[in-house]
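Note sheet for the following structure.
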């Protein structure tokens, strides 16, 4: 994968003077030839030599929204929302069992005489086991989110009571 050059706003220039705005690949530091003015013959009239400008320091990379300073913070409501998300996905998986059973019956009926038709019940049983395992893990994760949110709320209440005296 190749890196696409990032566009850059060049605001280096004399204080109080005009500011050059460029877009496109970031130029390397140093001198570069002046562009030929439109309608010019490319060399018959002398043009002023370019003046080097110091390359501005790169701006610091902003932290992503999920990164915070070393202070740890928790939003119990956010944790409870994630628990609800886990439950919602588990419920959606549970709703797939009926249509899957119907599909297995239809496949068994239409595949009579085929060598794989005897294994349809086994495949359906495996699928239901996997579906149940995933739902159990999602419910366990939801419980963990709720437990963490409740523990944080309890800790905040205890700390507030301690500081109140």
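Things to note:
- Residue within segment 25-48 that is part of a loop (DSSP other than H, G, I, E, B), surrounded by 12 or more Cβ atoms within 10 Å (Cβ to Cβ), modelled with pLDDT under 80 and out of contact with any strand residue (DSSP E or B) (no Cβ under 6 Å at 6 or more places or on another chain) present: yes
- Entry remark, segment 128-138: residues being touching a residue at least 12 places away in the same chain (Cβ under 8 Å) and surrounded by fewer than 16 Cβ atoms within 10 Å (Cβ to Cβ) number 2 in total.
- Within segment 109-122, one or more residues are without any contact (Cβ under 8 Å) to a residue 60 or more places away in the chain, touching a helix residue (DSSP H, G or I) at 6+ places or on another chain (Cβ under 8 Å), assigned to a helix (DSSP H, G or I) and surrounded by fewer than 14 Cβ atoms within 10 Å (Cβ to Cβ).
- The listed residue being out of contact with any strand residue (DSSP E or B) (no Cβ under 7 Å at 6 or more places or on another chain), exposed (fewer than 12 other Cβ atoms within 10 Å of the Cβ) and in a helix (DSSP H, G or I), out of 87, 154, 150: 154
The values are calculated or read from the model by the stated rules, or taken from the named source; none is laboratory data. In this text the structure is predicted, and so the values were computed from the model without any measurement. Methodologically, a virtual Cβ is constructed for each residue, glycine included, from the backbone with ideal geometry; neighbour enumeration extends over all protein chains shown.
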